[in-house]
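Report on the following structure.
The values are calculated or read from the model by the stated rules, or taken from the named source; none is laboratory data. This is a predicted model, so every value here is computed, not measured. We place every Cβ from the backbone using ideal geometry, glycine too, and count neighbours over all the protein chains shown.
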Amino acid sequence: LGMPKVPQQVAPRRESRQLKLGHDDRAVLVGGGAPVSVQSMCTTVTADVNSTLQQIAELTASGCQIVRVAVPSADDAEALPEIARKSQIPVIADIHFQPRYVFAAIEAGCAAVRVNPGNIKAFDDKVGEIAKAAAEAEVPIRIGVNAGSLDKRLMEKYGSATADALVESALWECSLFEEHGFRDIKISVKHHDPIVMINAYRKLAAACDYPLHLGVTEAGPEFQGTVKSAVAFGALLAEGIGDTIRVSLSAPPAEEVKVGAAILESLGLKERRLEIVSCPSCGRAQVDVYKLANEVTAGLDGMEVPLRVAVMGCVVNGPGEARDADLGVASGNGKGQIFVKGEVVATVPESKIVETLIEEAMRIAEDMTEE
Ligand code: SF4
């Protein structure tokens, strides 16, 4: 009968409209089968152009594909043209209360604008003008609903920010733009509770064909936020739902990008780069597996080629895992058997395991680059 085939992706991607963020070679496609993109948000004051551009450069280097900047003041709006021009990746202006900054962002060359239905009462009579300006400039709008700022009317109707309330808010806001023939929209419905968030996105995915921006809002400090985001995004992405993601952490934004990229890599939605397969260790371990795994991870940091490296503590699963990886070590009796593509290439003393693995990794990376 043979082994069942392992699917490349856990589920087919949900069909959605496609948006283009940006107008030049920096543009990123979102939805319509485009790769799921990772985004983050600057923590700098947008009006401080140098700091903002420096942070955008750091985010770009860490793999961020779209960046958002907050625009709470006129000074921030004035900084947008230079930021939009000099950023290496598309810039989204995040606007909550002042419709006039939306026009400024469109004029500034921002790739998209994010508005929040709960906070844009003043927008209602301006939607027609915004739709017209955005359509002419081919600038998509993100309708970003947050549990914390849900429309009062919906809070009264539902009693709290339920999944239905979030979805109704988003679809109502979309309908205001649709009335003006504008459909270049992506949506987010963020909640701090992954259960509510997952349900909201499932409902939204079934109710419209707009691309979806996934986010767990106020996810918390790094560890908790990483777990919550990985669980919530993982559940949705595994069902094919989600076109762009933002991990929200109370941590530097480059960390958000790393977590976002790792979530996509683990579901095969992004090409894997370095993957360390290391065992949890147990009473059979004959080396310090944690130390070894950390040293190998640190030694191979920044490796651009997709490489699977197995670090195993003993001979029980060690040789098997190490053989399946591009490179690996199975330890035992103070020695490490080094495997490359399933073949033992060396047996070295424990003190030489890390340097031998790193040397072999560099050799494999060189071969891969030459191919
Ligand atoms: Fe324990 Fe060996 Fe498995 Fe590591 S590989 S968890 S040391 S049995």
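Quick notes on this one:
- Any hit, the range 259-274, residues being acidic (Asp, Glu) and free of Cβ contacts under 8 Å to residues at least 24 places away in the same chain: yes
- Residue that is nearest to ALA232 (Cα to Cα) [pool: residues in the range 157-198 that are aromatic (Phe, Trp, Tyr) and surrounded by fewer than 18 Cβ atoms within 10 Å (Cβ to Cβ)]: TYR158
- Number of positions in the range 195-220 that are touching a Gly at 6+ places or on another chain (Cβ under 7 Å) and of a type in the set (Gly, Ala, Ser): 1
- None of GLU275, GLU355, GLU304 is surrounded by fewer than 14 Cβ atoms within 10 Å (Cβ to Cβ) and at pLDDT below 90 except GLU304.
- The helices (runs of 4 or more DSSP H) found entirely in the range 245-354 that carry 1 or more residues being within 16 Å of the ligand (Cβ to nearest atom) are 289-299, 318-324.
- Taken over the range 71-100, the criterion of being surrounded by 18 or more Cβ atoms within 10 Å (Cβ to Cβ), closer than 27 Å to ASP125 by Cα and modelled with pLDDT of 95 or more is satisfied by VAL71, ASP76, ALA77, ALA79, LEU80, VAL91, ILE92, ALA93, ASP94.
- Residue list for the range 214-241, restricted to those being part of a loop (DSSP other than H, G, I, E, B), of a type outside the set (A, V, I, L, M, F, W, C) and either more than 29 Å from GLN54 (Cα to Cα) or touching an Asp or Glu at 6+ places or on another chain (Cβ under 9 Å) (or both): GLU239, GLY240
- Residue check for ALA232: among the aliphatic types (A, V, I, L, M), away from the ligand (no atom under 16 Å from the Cβ) and surrounded by fewer than 17 Cβ atoms within 10 Å (Cβ to Cβ): no
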